[in-house]
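Scroll down for the structure; my scribbles are underneath it.
The values are calculated or read from the model by the stated rules, or taken from the named source; none is laboratory data. Note that this is a predicted model, so its numbers are computed, not measured. Every residue, glycine as well, gets a Cβ built from its backbone with ideal geometry; the counts of neighbours run over all protein chains shown. Surface accessibility is based on the protein's heavy atoms, side chains included, excluding ligands, DNA and RNA. Shrake-Rupley method; radii C 1.70, N 1.55, O 1.52, S 1.80 Å.
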Amino acid sequence: MQACILRSPARIETNPLELAEVPKPLPTGKQVLVRVSACAVCRTDLHVIEGELAPRKSPITPGHQVVGIIEAAGEGAKLHPIGTRVGIAWLHSTDGACEYCRAKKENLCDHPTFTGYTVDGGYAEYALAEEDFVYPIPHGFADLHAAPLLCAGIIGFRSLRLSAIGRGGRLGLYGFGAAAHVAIQVARYWGAEVYACTRDERHQKLALELGAVWAGGTIAEPPHKLDSAIIFAPAGEIVPAALKALKKGGTLALGGIHMSEIPPLDYDLLYQERIVRSVANNTREDGHDFLRIAAEIPIQTEYEVFPLSEANRALNALKNDAIRGAAVLKVHG
Ligand SMILES: [Zn+2]
Ligand SMILES: [Zn+2]
């Protein structure tokens, strides 16, 4: 089969992903083999490729927002019939036994594996997944629409939960890429007012189209104090600006897996019981809850399609803020 492989981390400008012919994987145990229809591109893929996340497998096939059809299953896999359309997300497996798993915090598992990072992902014609960790895709979503829901959507949803935004609350979104363009739709469904802070004017425009009441630059101060905010951009220098925009007792959630250094903070920005917390991975419950609500709304994803052979180009565009919504690789028709 064809797969994009990364032999060693390098800047995306050097087009380090190589389209190669590799053996089609064989499912064993509780694994399923998924024939990939679409795989959305995530900023985390960029962090894996550029080495901001320490390499864990080499070569590696990135991609953790995979939609496809189960074509085969290991001898122990019984949950989904062959032919089921499923999604594969970032959390590939957990040990199910550590203190975090036992406390229903499997997103913090001590021994997790991650799709497209510690095991091969979906920038390929086929991918393996554990049957317990795939998500049946609601019927209303076409493959290309569904792919960005699997990380941008699910992590955006967990970020919303951790930001403690409530009905009628004011929410700031910092960075307006794939995750924010889904999160805003959930936030509005919950009756929140959304303020978008993003450097790119096209992204500001998209935010307004999706119902933001205000859009401005990354460190521009929104016209009202915010109850909650989420930073999706990987830029630590946004943290003081976002804290400054928060009401007393407000929560700032950091939605990215990697962030540049946070500058020294004036304690006044944090005082008055403001909370800063990161968002790490997601539980399967987050995923199932999100897909249910996504179908209920229903979420409209904006995406730009690239063929598998142009994964490097898609990632370069993502790095340059040149994608409206999400970039999605179309693999099988
Ligand atoms: Zn665990
Ligand atoms: Zn992701």
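Can you say whether Ala72 is touching an Asp or Glu at 6+ places or on another chain (Cβ under 8 Å) and part of a strand (DSSP E or B), as far as the supplied structure shows?
No.
So which helices (runs of 4 or more DSSP H) are wholly in segment 80-177 and hold at least 1 residues that are surrounded by 21 or more Cβ atoms within 10 Å (Cβ to Cβ) and among the aromatic types (Phe, Trp, Tyr)?
Working: elements: 99-102, 143-146, 152-163.
Answer list for segment 80-177: 152-163.
Would it be correct to say that Leu291 is part of a helix (DSSP H, G or I), open to solvent by 30 Å² or more (accessible area, probe 1.4 Å) and touching a Pro at 6+ places or on another chain (Cβ under 7 Å)? Break it down into steps so the answer makes sense when it comes.
Numbers: part of a helix (DSSP H, G or I): yes; open to solvent by 30 Å² or more (accessible area, probe 1.4 Å): no; touching a Pro at 6+ places or on another chain (Cβ under 7 Å): yes.
So Leu291 does not fit the description; no.
Between Tyr189, Tyr174, Tyr195, which is out of contact with any His (no Cβ under 8 Å at 6 or more places or on another chain), modelled with pLDDT of 95 or more and farther than 23 Å from Ala280 by Cα?
On the way: Tyr174 fails: farther than 23 Å from Ala280 by Cα; Tyr195 fails: out of contact with any His (no Cβ under 8 Å at 6 or more places or on another chain).
The conditions single out Tyr189.
Can you tell me which residue within segment 217-249, out of those that are open to solvent by 10 Å² or more (accessible area, probe 1.4 Å) and assigned to a strand (DSSP E or B), is nearest to Leu173 (Cα to Cα)?
Per the stated criteria, the residue is Asp227.
May I ask you to list the residues in segment 26-47 that are touching a strand residue (DSSP E or B) at 6+ places or on another chain (Cβ under 6 Å) and open to solvent by less than 30 Å² (accessible area, probe 1.4 Å)?
Hits for segment 26-47 are Pro27, Val32, Leu33, Val34, Val36, Ser37, Ala38, Cys39, Ala40, Val41.
So how many residues does segment 155-170 have that are modelled with pLDDT of 95 or more and in contact with an Asp or Glu (Cβ under 9 Å, 6 or more places away or on another chain)? Don't jump to the end; show me each part of the working.
Here is the first cut: in segment 155-170, the residues modelled with pLDDT of 95 or more are 155-165, 169-170.
With in contact with an Asp or Glu (Cβ under 9 Å, 6 or more places away or on another chain) added as a condition, the list becomes 155, 157-158, 161, 163-165, 169-170.
Selection size over segment 155-170: 9.
Restrict the check to segment 108-126 and report whether at least one residue is near ligand 1 (Cβ under 9 Å from one of its atoms), out of contact with any Leu (no Cβ under 6 Å at 6 or more places or on another chain) and among the polar types (S, T, N, Q).
Start the filter on segment 108-126 by keeping residues that are near ligand 1 (Cβ under 9 Å from one of its atoms), which leaves 108-112.
Filter again for out of contact with any Leu (no Cβ under 6 Å at 6 or more places or on another chain), leaving 108-112.
Now drop any that are not among the polar types (S, T, N, Q), which leaves none.
Within segment 108-126 (the criterion being near ligand 1 (Cβ under 9 Å from one of its atoms), out of contact with any Leu (no Cβ under 6 Å at 6 or more places or on another chain) and among the polar types (S, T, N, Q)), the answer is no, since none of the residues qualifies.
Select from segment 179-216 the residues that are open to solvent by less than 30 Å² (accessible area, probe 1.4 Å) and assigned to a strand (DSSP E or B) and write down the one among them that is nearest to Pro298 (Cα to Cα).
Out of the qualifying residues, it is Val194.
Considering segment 72-95 alone, what residues qualify as being closer than 20 Å to Gly287 by Cβ and β-branched (Val, Ile, Thr)?
Residues satisfying the conditions are Thr84, Val86, Ile88, Thr94.
The rows are residues; the columns are (1) within 15 Å of ligand 2 (Cβ to nearest atom); (2) closer than 25 Å to Ile299 by Cβ; (3) in contact with a Ser or Thr (Cβ under 7 Å, 6 or more places away or on another chain).
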| site | (1), (2), (3) |
| --- | --- |
| Ile88 | yes, yes, yes |
| His92 | yes, yes, yes |
| Asp120 | no, no, yes |
| Phe133 | yes, yes, yes |
| Ile155 | yes, yes, no |
| Arg170 | no, yes, no |
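For Asp45, are the conditions met, namely being within 16 Å of ligand 1 (Cβ to nearest atom) and among the acidic types (Asp, Glu)? If you could, list the steps in order and put the result at the bottom.
Values: within 16 Å of ligand 1 (Cβ to nearest atom): no; among the acidic types (Asp, Glu): yes.
So Asp45 fails the test.
Given the criterion farther than 20 Å from Phe290 by Cβ and small (Gly, Ala, Ser), identify the matching residue among Ala124, Ala142. Before the answer, list the steps.
Working: Ala142 fails: farther than 20 Å from Phe290 by Cβ.
Of the residues listed, the single one that is farther than 20 Å from Phe290 by Cβ and small (Gly, Ala, Ser) is Ala124.
Residue pairs, Cβ under 6 Å, 6 or more apart or interchain, first in segment 311-326 and of a type in the set (S, T, N, Q), second crowded, with 19+ Cβ neighbours inside 10 Å and modelled with pLDDT of 95 or more. List them.
Asn312/Leu17; Asn316/Ile12
Can you name the residue in segment 250-288 that is in a loop (DSSP other than H, G, I, E, B), among the aliphatic types (A, V, I, L, M) and over 20 Å from Cys101 (Cβ atoms) and, of all such residues, is nearest to ligand 1 (Cβ to nearest atom)? Outline the logic, then answer.
Residues of segment 250-288 in a loop (DSSP other than H, G, I, E, B): 255-266, 271-274, 279-283.
Checking which are among the aliphatic types (A, V, I, L, M) leaves us with 257, 259, 262, 265, 279-280.
This time we only want the ones that are over 20 Å from Cys101 (Cβ atoms), so: 259, 262, 265.
On the way: Met259: 24, Ile262: 28, Leu265: 32 Å.
Only one residue fits best here, namely Met259.
Take segment 3-51 and flag every residue that is more than 24 Å from the chain's Cα centre (by Cα) and part of a strand (DSSP E or B).
Ala20, Glu21
Which one is surrounded by the fewest Cβ atoms within 10 Å (Cβ to Cβ) among residues in segment 15-25 that are in contact with a strand residue (DSSP E or B) (Cβ under 9 Å, 6 or more places away or on another chain) and not charged (D, E, K, R)? First the steps, then the outcome.
Of the residues in segment 15-25, the ones in contact with a strand residue (DSSP E or B) (Cβ under 9 Å, 6 or more places away or on another chain) are 16-22, 24-25.
Now narrow it down to the ones that are not charged (D, E, K, R): 16-17, 19-20, 22, 25.
Values: Pro16: 19, Leu17: 27, Leu19: 16, Ala20: 14, Val22: 16, Pro25: 18.
Across segment 15-25, the extreme among qualifying residues is Ala20.
Being more than 16 Å from Gly116 (Cβ to Cβ), surrounded by fewer than 19 Cβ atoms within 10 Å (Cβ to Cβ) and either in contact with an Asp or Glu (Cβ under 9 Å, 6 or more places away or on another chain) or modelled with pLDDT of 95 or more (or both), is that true of even one residue in segment 51-68? Reasoning before the result, please.
Let us first name the residues in segment 51-68 that are more than 16 Å from Gly116 (Cβ to Cβ), namely none.
No: segment 51-68 contains no residue that is more than 16 Å from Gly116 (Cβ to Cβ), surrounded by fewer than 19 Cβ atoms within 10 Å (Cβ to Cβ) and either in contact with an Asp or Glu (Cβ under 9 Å, 6 or more places away or on another chain) or modelled with pLDDT of 95 or more (or both).
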